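To keep things clear, I will list the structure first and then write my remarks on it.
Every number in this text was worked out from the coordinates using simple rules, so none of it is lab data. What you see is a predicted model; the values in this text were computed from it and never measured. Please note: Cβ atoms are built from the backbone with ideal geometry, for glycine as well, and neighbour counts cover all protein chains shown.
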Amino acid sequence: MASSSYNSTADPSRQTALRRQQQVLSHLQGKIQDPKRVIRQIAVYGAGIMGGGIAQVAAQAGYKVTLWDMRQVDIERGMAAVRKSLERTAKKLKKNAGWVDQALGLISTTTDQMQACSKADLVIEAIVENLEIKQKLFRSLDAVAKPDCIFATNTSSLLVRDVAASLSSERKQKTVALHFFNPVAMMKLVEIAYMDGTEAGLLELLKAWVRDIGKTPVLCRDTPGFIVNRLLVPYNSEARMLVERGDATIDDVDTAMKLGAGYPMGPFELMDMTGIDTGYHIMKGWYESAPGLKGDIRFKPTPQMEQMISDGHLGRKTGQGFYTYK
Ligand SMILES: NC(=O)c1ccc[n+]([C@@H]2O[C@H](COP(=O)([O-])OP(=O)(O)OC[C@H]3O[C@@H](n4cnc5c(N)ncnc54)[C@H](O)[C@@H]3O)[C@@H](O)[C@H]2O)c1
């Protein structure tokens, strides 16, 4: 495989920090063999598109999961989606109905926020992309979770250090982003984003855990959008602005990127799959306050987006976005 010698940063102190991190990681490589010895119980907060998917892939790999959401109706909707997705996966992998039931049997559900994490070794939050709400959740969980419980956020656009701002300094060292991709059952990547004080051993453990659930981990410092969204969000914005200016149609932009760039779906199909509201919150947050991105016109939420949200046209999840779904 080709390797890259591209110099990753011009900042010498950051280069030293990155080198040190890499040295510690390679020292630890192979020492953590079985993540199941450390991570036995997982609590997932949010039974929406992402939380349900994360619960599914963890249970499929044999982990016990408690899935929390605010209301019973959210849990029921989430678990129905998990069952459907498990059945699809079983068909693809040629597994029988017993395999589906076994995975479902590892997922318990609750609307009791504190109880969900009381025994957890790993908490993954996948609730709405709103900084204050995520901070509030982490603050409440910090008080009841086990001292060595790892906290992870599935945020698409916020900084880990901001989500973790209300945590104790001990917990901050055990807090990362575990950023899954949609649809979780199919997408192979998990970005692990770390802060300056994150323990290297923790990263090695989480890499092993990500591999154990059948995914591939990549590491990234705590920077807006990590790797994938930092590249994708501007791309989506340019596509949207192209159409809003009247330069091309939605269909033609999607066709162009599929046939001309070899992408599996066009930007508008992608935005519909991600959720118009989720994309809107990412852009708004970056436009208002993200380091290096604040005030960037590409991320300024437009009246058209706001209209789509107030009309409930949130993409695939509501049946209507840039396209209509049955
Ligand atoms: N949708 C994607 O493609 C995608 C991909 C990667 C990461 N993410 C991130 O994952 C997280 C969840 O996104 P999603 O697409 O699953 O959203 P979703 O709308 O499907 O689910 C969000 C969940 O949050 C819960 N929620 C809403 N308000 C809440 C509150 N005040 N307190 C606690 N819970 C609340 C809802 O009940 C819902 O179950 C977000 O941080 C998002 O940025 C999304």
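Using only helices, what value at 222 nm comes out for the chain when you add -39,500 (n - 2.57) per DSSP H run of length 4 or more and divide by the total residues, to the nearest 500 deg cm²/dmol?
Numbers: 14 runs with 158 residues, N = 326.
Calculated from helices alone, the mean residue ellipticity at 222 nm is -15000 deg cm²/dmol.
Among 230, 71, 40, the order by Cβ neighbours within 10 angstrom, fewest to most, reads 71, 40, 230. Mind listing which trypsin sites (Lys or Arg not before Pro) in segment 155-219 are in a DSSP loop and have 10 or fewer other Cβ atoms within 10 Å? Passing sites in segment 155-219 are 188.
Annotation note: trypsin sites (Lys or Arg not before Pro) in segment 231-272 located in DSSP loop regions with a Cβ neighbour count of at most 12 within 10 Å are 245. Within segment 91-191, none of the chymotrypsin sites (Phe, Trp or Tyr not before Pro) combine a DSSP coil assignment with at most 14 other C-beta atoms in a 10 angstrom radius.
Neighbouring Cβ atoms within 10 Å as the yardstick, rank 117, 149 fewest first. Write out the running numbers ahead of the final one.
Details: 117 29, 149 22.
Listing 117, 149 from fewest to most nearby Cβ atoms yields 149, 117.
Residue pairs exceeding 29 angstrom between C-alpha atoms, taken from 146/207; 36/284; 94/119; 284/317; 136/317: 36/284; 94/119.
As a proxy for reagent exposure, 166, 140, 85 were ordered by neighbouring Cβ count within 10 angstrom, fewest first; the result is 140, 166, 85.
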